Amino acid sequence: LNAPDPTAESERTTDEAFDRKLIEGLQRNDRESLAAAYDSYGGLAFALASRVMGASSDAEDVVQESFLALWRQAPRLDAKRGLRSYLMTIVHNKAVDRLRSRGRRPEAVLNEDAPFKAPEEAEPAHVAEKASEADEVRAALAGLSDDQRSAVELTYFKGMTINDAADQLKVPVGTVKSRLRLALGHMRKQLEGTT
Amino acid sequence: VNYGCNDAAETLAAYALDALPVGERMLLVEHLAECRQHDEELSSYRAVAGRLPLTVPAPALPAGLRGNLLAAFDREQATAPTPLPVREPAETAAPAPVEPAPAAPEPERPNGGFWSIFRQPALAYGIAAALLIAVIGLGVWNLSLQEDANVMTTAAAGPGMSMRVSYYGNQGVAVFDVDMPDPASGQVYQAWMISHDGKHVSLGLLEHNHGKTAFAADMSAAGAVAISLEPAGGSATPTTPIVEAKF
């Protein structure tokens, strides 16, 4: 199995077929399918784990545990949803659980070099038209208000609960919930039709 | 706690981002287990959340990670060569309780008669297996929660009692939905997970004998769940098992 680029627009149909083959292979306990899944999505999984946990052996452990969990869950996977979505859910769950179970307070300072920070010249709609899926998501993030983007950054990328994020941002918990709801709603609209 | 649709709607986005503390996550999962009104919204939030990792620059993968993963796979394959069972597609219909055996006695109050059988654990388990315990393969209750591929569901029913359990592995939440007779004064219902080697681990006390109670737990190694009747405050080991269901 040759791994397609999971972020390339032109490869999406191929990706879906490829994911189906991977899922079928994982359901058969096929080692090569697990290796191919890693080759396709290992980089993305490690990027997310490292982002949430910081570069460490913990991130490596999370990635390994996540792929094994994906394999164990393979009999229940719906191929239509796509392997990447399942895997990213698992990676994030595990990274956040590990972070919180150790009582480790996520970094309190927002990363000014956050990857989704909007390029100053970027017109989100223009970017979304011609760029890769990753650029489309970056553009959607860039379209959020600073408050909304900070709420997403602290909760999703830093692994904070809404309570910790509220403490950090010095706003009520309800405000964090509201900002997250508005943020995902806005991004959903921006990304509609891009998949 | 009266947790309704408005509470759920305010919380769905945070849930999709794994940002809820355990207590609130359990309340939401309890609600989602029976309310279908949030399916579409939660699904759309999850779709967005699932694409957020694409914004993270990919660092170089550690050199040994691929080999370590495959070695771990090989080890697990060697120790568990039996393929994992493929579950049936999820159904959303309510479970059909299994008819009790005709000879089964009617339930009585916990302080005597039928219930007194369960004060003898060995006998209770035997009878439960023979007459009362009916394991039903259930679908996932709710499409929203169905997106969690790591879901285990099971149920058991007997005369005058029923238990449905769903374990949402990615959320680490187990929801017990029960309909049990009122316990005698000074007694409580206690929920248990049972490992494949038969070890019982308490999940906690049921908050109600009619309705749902959620527990935060890692039940990935559970082969079955059970409810027992215990003295107030609960017990370290189950003394009066009532219902048990295998995953």
Rough spin-label spacing in nm, given labels placed 7 Å along Cα→Cβ, for B:SER220 and A:SER101:
0.7 nm
Cross-link partners of A:LYS94 among lysines (Cα-Cα below 29 Å; sequence separation of 8 or more within a chain):
A:LYS21, A:LYS80, A:LYS117, A:LYS158, A:LYS170, A:LYS177, A:LYS189, B:LYS199, B:LYS212, B:LYS246
The ³J(HN,Hα) series, computed from each phi in the stretch B:172-187 with the Karplus coefficients 6.51, -1.76 and 1.60 at θ = phi - 60°, rounded to the nearest Hz and given as x for glycine or proline, is x, 10, 10, 10, 9, 10, 10, 9, 10, x, 4, x, 5, 4, x, 10
Amide H contacts under 5 Å for B:VAL151, placed H, 5+ residues apart:
B:GLY169
Name the long-range amide H neighbours of B:GLY204: under 5 Å, sequence gap of 5 or more, or other chain; modelled H, no Pro or chain starts.
B:ALA191
Could you size up the charge dipole of the stretch B:1-69 around its Cα centre, putting +1 on the beta carbon of Lys and Arg and -1 on that of Asp and Glu, and report it in debye to the nearest 20?
500 debye
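Provide the FRET efficiency to the nearest 0.05 for the A:GLU16-B:ALA236 pair, computing r from the beta carbons and using R0 = 41 Å.
For R0 = 41 Å, the calculated efficiency reads 0.20.
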Gap separating the Cα centres of the stretch A:44-74 and the stretch B:146-225, nearest whole Å:
29 Å
How well do other chains shield peptide B:64-70, expressed as the mean number of their Cβ atoms within 10 Å of each residue Cβ?
6
Can you find, among A:MET88, A:ALA45, A:ALA35, the residue sitting farthest towards the positive end of the charge dipole of the stretch A:30-101, where Lys and Arg contribute +1 and Asp and Glu -1 at Cβ?
A:MET88
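Just in the stretch B:146-217: which trypsin sites (Lys or Arg not before Pro) are loop by DSSP and have at most 13 other Cβ atoms within 10 Å?
B:LYS199
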What is the average number of partner chain Cβ atoms found within 10 Å of a Cβ in A:84-91?
5
Across the residues of B:162-175, average count of Cβ atoms on other protein chains within 10 Å?
1
Skipping prolines and chain starts, which residues have an amide H placed within reach, meaning under 5 Å, of the one on B:GLY223, given they are 5 or more residues away or on another chain?
B:ILE194, B:SER195, B:HIS196
Note down the nm distance, to one decimal, between modelled labels 7 Å out along Cα→Cβ at B:ASP197 and at B:HIS210.
4.2 nm
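Values in this text are rule-based calculations from the coordinates and carry no lab data. This is a predicted model, so every value here is computed, not measured. Ideal geometry is used to build each Cβ from the backbone, glycine not excepted, and the neighbour counts take in all protein chains shown.
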